[in-house]
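The values are calculated or read from the model by the stated rules, or taken from the named source; none is laboratory data. Predicted, not measured: the structure shown is a model, and the values here were computed from it. Neighbour counts run over all protein chains shown; Cβ positions are idealised from the backbone, glycine included.
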Amino acid sequence: MSDVNDVRSSEEKKFPAGCVVAIVAGSIFLAVVVAMILLAIPAYEKTLVRAKSAVAKNVAQTLQTSVIAYHVRHGEWPVMSEDGVDTTLRSEGELVDVLSGKGSASGPGGGNPDGTSFSASQIAQVRSEESGEVVPTVIDVWGRAFFIRMDTDGNGEVEDPSGPGRLKRKVLVWSAGPDGDVETWEDNVRSW
């Protein structure tokens, strides 16, 4: 009798056939879900970069419009060139003060005598890498100042920063893009 009980107890310890099938099917399902997630991550990242680039382009175009509006109202650029050539600068410091109508650049005798705000962009307070001072800055979605080129020589065109040639524009605004390298134009965001 004890031999019969030993046989039954060893059979009872085995998994039923349906349970093994369920474990295998569950493992396959889990592997498929993980594979789908791994395939979706790069597509999500590309979509996120495109969305951030669209926001950066909107800010660049707003900044461009602000500079042009200042020029139309005052008949001069917010920051002028000393040497009679087009001016290229970053969206920080004096330029932002002048466009926002705040700071030492506004009021009588300043670059913005009537204190009118031309900037609809949000202004961050960023520590300058060169001086260590906190300066007002219009930043892109990656936290860096934009580049701005103005037709301060008055010939109706500016040098194209993305390649050889000139563009018939008064103001260009661009961002170094997600990689932060202004020289790699594949991902740079531009207002034009």
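Looking only at segment 43-64, decide whether some residue is among the aliphatic types (A, V, I, L, M) and either surrounded by fewer than 10 Cβ atoms within 10 Å (Cβ to Cβ) or modelled with pLDDT under 85 (or both). For segment 43-64, residues among the aliphatic types (A, V, I, L, M) and either surrounded by fewer than 10 Cβ atoms within 10 Å (Cβ to Cβ) or modelled with pLDDT under 85 (or both): present.
For segment 135-164, a residue qualifies if it is more than 26 Å from Ser53 (Cα to Cα) and not charged (D, E, K, R), and the qualifying residues are Thr152, Gly154, Asn155, Gly156. Taking the listed residues Glu82, Glu130, Glu76, the one that is at pLDDT below 85, within 24 Å of Val158 (Cα to Cα) and either of a type in the set (Val, Ile, Thr) or not in a strand (DSSP E or B) (or both) is Glu82, with no other qualifying. Given the condition outside any strand (DSSP E or B) and either exposed (fewer than 14 other Cβ atoms within 10 Å of the Cβ) or out of contact with any helix residue (DSSP H, G or I) (no Cβ under 8 Å at 6 or more places or on another chain) (or both), answer yes or no: does some residue in segment 134-142 qualify? Scanning segment 134-142, I find no residue that is outside any strand (DSSP E or B) and either exposed (fewer than 14 other Cβ atoms within 10 Å of the Cβ) or out of contact with any helix residue (DSSP H, G or I) (no Cβ under 8 Å at 6 or more places or on another chain) (or both), so the answer is no.
Return the total of residues in segment 111-154 being in contact (Cβ under 8 Å) with a residue 60 or more places away in the chain and among the hydroxyl-bearing types (Ser, Thr, Tyr).
Step one: filter segment 111-154 for residues in contact (Cβ under 8 Å) with a residue 60 or more places away in the chain, giving 121, 138, 140-142, 146, 148-153.
The next check asks that each one be among the hydroxyl-bearing types (Ser, Thr, Tyr); those that pass are 121, 152.
Of the residues in segment 111-154, 2 are in contact (Cβ under 8 Å) with a residue 60 or more places away in the chain and among the hydroxyl-bearing types (Ser, Thr, Tyr).
Within segment 155-167, residues that are touching a residue at least 12 places away in the same chain (Cβ under 8 Å) have Cβ atoms under 8 Å from residues that are acidic (Asp, Glu) and not in a loop (DSSP other than H, G, I, E, B) in these pairs: Leu167/Glu159, counting only partners at least 6 apart in sequence or on another chain.
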